[in-house]
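The values are calculated or read from the model by the stated rules, or taken from the named source; none is laboratory data. Just so we're clear, the structure is a prediction, and the values are computed from it rather than from any experiment. Don't worry about glycine lacking a Cβ; one is built from the backbone with ideal geometry, like all the others, and counts go over all protein chains shown.
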Amino acid sequence: MRSRTEMQAGGQTEFAAAESHLIKRPRLTKLLDDAGARVVLLVAPAGYGKTTLAREWLSSRGAPHLWPISDVTVKVHPRHIYEKLGVRSRSEAAVRAEAFLDDGKGDR
């Protein structure tokens, strides 16, 4: 995996492309800025955009931050992806992705 600096040096805009589909939340990021808290805990049900909001806010501040992730999360996310793809393993997912790209349905 290349670093952000390496991608920028290569003239690529991978981060900009990845962020183009994200919904900006200026009202929520302002609330976080105005809170003045040393520690912030974002709590909401799954799918409400907590990660997207945190990413937007943290990247705009340039402040040190900690993003803990549990072992359970590391194990559960791939399982959900496999279920959606209808596969049982990482290798099956790779084969499915390659077939998708070869059919011209995906973007390389």
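From the list 66, 42, 53, the one residue that fits, being surrounded by 10 or more Cβ atoms within 10 Å (Cβ to Cβ) and part of a loop (DSSP other than H, G, I, E, B), is 42. In the stretch 74-101, the residues that are part of a helix (DSSP H, G or I) form Cβ pairs under 9 Å with partners that are among the aromatic types (Phe, Trp, Tyr) and surrounded by 13 or more Cβ atoms within 10 Å (Cβ to Cβ), at six or more places apart or across chains, as follows: 90/82; 92/82; 93/82. Can we say residue 70 is over 14 Å from the mean Cα position of the chain (by Cα), more than 20 Å from residue 26 (Cα to Cα) and at pLDDT below 85? It is true that residue 70 is over 14 Å from the mean Cα position of the chain (by Cα), more than 20 Å from residue 26 (Cα to Cα) and at pLDDT below 85. For residue 23, are the conditions met, namely being part of a loop (DSSP other than H, G, I, E, B) and within 17 Å of the chain's Cα centre (by Cα)? Yes. Is it true that some residue in the stretch 93-100 is under 18 Å from the mean Cα position of the chain (by Cα) and of a type in the set (A, V, I, L, M)? Looking through the stretch 93-100, none of the residues is under 18 Å from the mean Cα position of the chain (by Cα) and of a type in the set (A, V, I, L, M).
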